[in-house]
Amino acid sequence: MSCSSRHPCVRLSTRISLCFVTLIALGTAPFNSWGAVPEYVTSDAPPPTSAVSSEGLLGNAFAKSSAGQVSGALRELWRDSSLVLRPRSYFFDRDREVGDNDQAWALGGSLEFVSGWWRNKLRFSSTLYTSQKLSADDETDTTKLLQTDQDGITAFGQAYVEAKLTEDIHARAGRTALNLPYVNKNDSRMVPITHEAYGLGGNWNQNTKFGIVHVRKQKPVNNEEFISMSEAAGAAGSNDPLTLIGMRYSPNMSWNVGATNQYAWNVMNTFYAEANASWALTNDVAISTSAQYTGQESTGDELIGRFDTYVYGARISASYRDAVLSLATSSTDENSQIRNPFGGYPGYLSLMISDFDKAGEDAWLIGFSYDFATAGIPGLSTFVNYAQGNTPDSGPLASPDQTETDITVDYRFKAKTLDGLWLRLRWGQLDQSGIGADDITDTRIILNYEVALF
C-alpha cells in the first residue's frame with residue numbers, strides 16, 4: 001500500500017500539522033521519559049524486569065519536572081540546589097568488511113547544576129558536557145565520540161530556566177534535553193543531542209498529559225555548536241525550526257495511547273502514534289502488547305527532497321520474574337526510508353547498528369532480557385536482540401537484506417564505596433547480503449559514574 005498525498009494517514013497528519021502551527025507560540029517541556037525497546041532509550045538505562053512495564057515511548061514524555069522543595073527566598077534557592085558529576089569513559093571499535101575500520105577511546109562526561117525553586121516559581125539548570133580523546137586511529141573519526149577531525153568536544157548542552165505556571169503545568173526555555181520519539185537526546189555516545197527550545201507541558205487532567213514545543217536549534221552528538229533544525233536535517237545554510245505538539249491518555253495502569261506531530265518547517269512533517277497495554281497474570285507472570293505508526297512526508301520548500309512514506313510496528317512481551325521475552329515486527333513503505341535526523345529512531349527494531357527502517361523493509365525481532373538479582377547476583381543484567389530484515393532486491397530503492405545480533409551486559413556496582421558506578425559491555429554484528437552489502441562488527445566498553453557533589 002502506498003501512502004501518497006491522497007492516503008488518509010497523510011491527509012490527517014497534514015491537517016494536524018497545520019493546526020499545530022497556529023496553536024504553538026512557545027516550546028519546550030520537561031520531557032523525562034524512557035522506554036524499553038529502541039536503541040536511543042536503552043542506551044542510558046537498563047531494560048525493564050517485567051512485561052507489565054507498558055509505559056511506551058511517551059510514558060513520561062509530557063510529565064512536569066519533579067517539584068522539589070519549596071523555596072521562598074534566595075538563600076533557599078541555593079540551599080536546595082544540586083550539583084552532580086557524571087564521568088564517562090567510552091571505547092568504540094567498528095570493523096567493516098567494506099571501507100575503513102574505526103576505533104576511538106574518549107574520556108569525559110557531564111557536570112549538571114540544578115537550582116532550587118525561587119519563590120516556588122522559577123528554577124535554573126545548566127549542564128556542561130565534554131569528550132576528550134584518549135586514543136583514535138585516524139584524523140577523521142566516524143565513531144561520533146569526538147568531532148569529525150578528532151578534536152575533543154566541550155559545550156554547555158543544557159542551560160534553561162523553568163517556571164511553574166501551575167502545580168501541574170511547567171514551562172521551560174533555553175537549551176535542554178528532549179526525550180520524544182524522533183526528537184530526543186539519543187545518548188548512545190559520549191555527549192547527547194540537546195536542543196534549543198521553548199515550550200510547556202504537564203498534566204492536562206488526571207489521565208491526560210500534553211506538551212507543546214518550538215525547537216530552534218540542535219547540538220549534534222559530535223559537535224560543540226548548535227545548528228538550525230533544517231540544517232541538522234541536511235539542508236546546509238538553512239535556518240528553519242521545528243514545532244511539535246503531543247498528548248498521552250492513560251485512564252489506568254493497564255493501557256495508554258499517545259501521539260505527537262512534529263512539523264520541521266520546509267523540511268518534513270512526522271506524525272507518530274502508539275498504543276500500549278499490559279496484564280499481570282500472577283505475581284511472577286505478565287504480558288504486554290504495543291503498536292506504533294509513523295507517517296512522514298516532505299513539506300514546504302522540501303529542502304532535503306520530496307518524499308512520502310510510513311512505517312508501522314507491533315510488539316508482544318512476556319515476563320517471568322526478572323526474565324522478559326519479546327517479539328516484534330515492522331514494515332516500512334516502499335516509497336522511501338524513514339528519516340530521523342533529530343534524535344534516535346523510536347522503532348521497536350532499532351538496534352546498535354541498524355534501525356531496520358529502509359524503504360520496503362519488512363523485519364522481525366526476538367529479544368530477551370534478564371536481571372540476575374533473583375539468581376543471587378544483584379546489579380548484573382543482560383539483554384540480547386536478534387533481528388532480520390528483507391528489502392527490495394531491484395529497482396531504485398534496492399538495498400541489502402540484513403540480520404543483526406546484539407548482546408549487552410550491564411553491571412551496576414552495589415558496594416557502598418562504588419555506588420553510582422556502572423559498567424556496560426556491548427557487542428553487535430550486522431550481516432548483509434545483496435547490492436551494497438557491508439558486514440559490520442561493533443565492540444563498545446562504557447564506564448559511567450555518578451556522584452552528587454551537593
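Every number here is computed from the coordinates shown, using simple stated rules; none is lab data. Quantities reported herein were computed from a predicted structural model and do not represent experimental measurements. Glycine also receives a Cβ, built like all others from the backbone with ideal geometry; neighbour counts cover every protein chain displayed.
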Sorted by packing (mean other beta-carbon atoms within 10 Å per residue), highest first, where do 367-373, 96-102 land? 367-373, 96-102
What FRET efficiency would be calculated for the residue pair Ile445, Ala280, taking the C-beta separation as r and a Förster radius of 30 Å, to the nearest 0.05? 0.25
Along the Cα→Cβ direction, 7 angstrom out, place labels at Asp151 and Leu453. What is the inter-label distance in nm? 2.5 nm
At R0 = 22 Å the Cβ-Cβ FRET efficiency linking Tyr293 and Asp362, nearest 0.05, sits at 0.90
Among the Cα-Cα pairs of the chain, the proportion with separation greater than 42 Å, in percent, is 11 percent
Site Met253, offset 7 angstrom along Cα→Cβ, radius 20 Å on amide nitrogen, limited to region 279-307, gives 279-290
So if R0 is 45 Å, what FRET efficiency would Trp78 and Ala398 give, r being the distance between their Cβ atoms, rounded to the nearest 0.05? 0.15
Within the chain, pairs of Lys residues whose Cα atoms are less than 15 angstrom apart, provided they are eight or more positions apart or on distinct chains, add up to 9
Relative contact order (%) - criterion: Cα under 8 Å, at least six apart; region: region 132-209: 23 percent
Contact order relative to length of the chain, as percent, for alpha carbon pairs under 8 angstrom and 6 or more apart: 16 percent
Which value in deg cm²/dmol, rounded to the nearest 500, describes the helix-derived mean residue ellipticity at 222 nm for the chain, given -39,500 (n - 2.57) per DSSP H run of n ≥ 4 and division by the residue count? -1500 deg cm²/dmol
Residue by residue through region 102-117, what is 3J(HN,Hα) from phi via Karplus (6.51 cos²θ - 1.76 cosθ + 1.60, θ = phi - 60°)? Round to whole Hz and write x for glycine and proline. 10, 8, 8, 9, 10, 10, x, x, 9, 10, 10, 10, 10, 7, x, 7
Once label points are set 7 Å from the Cα along Cα→Cβ at both Glu167 and Val98, what is their separation, rounded to one decimal in nm? 6.1 nm
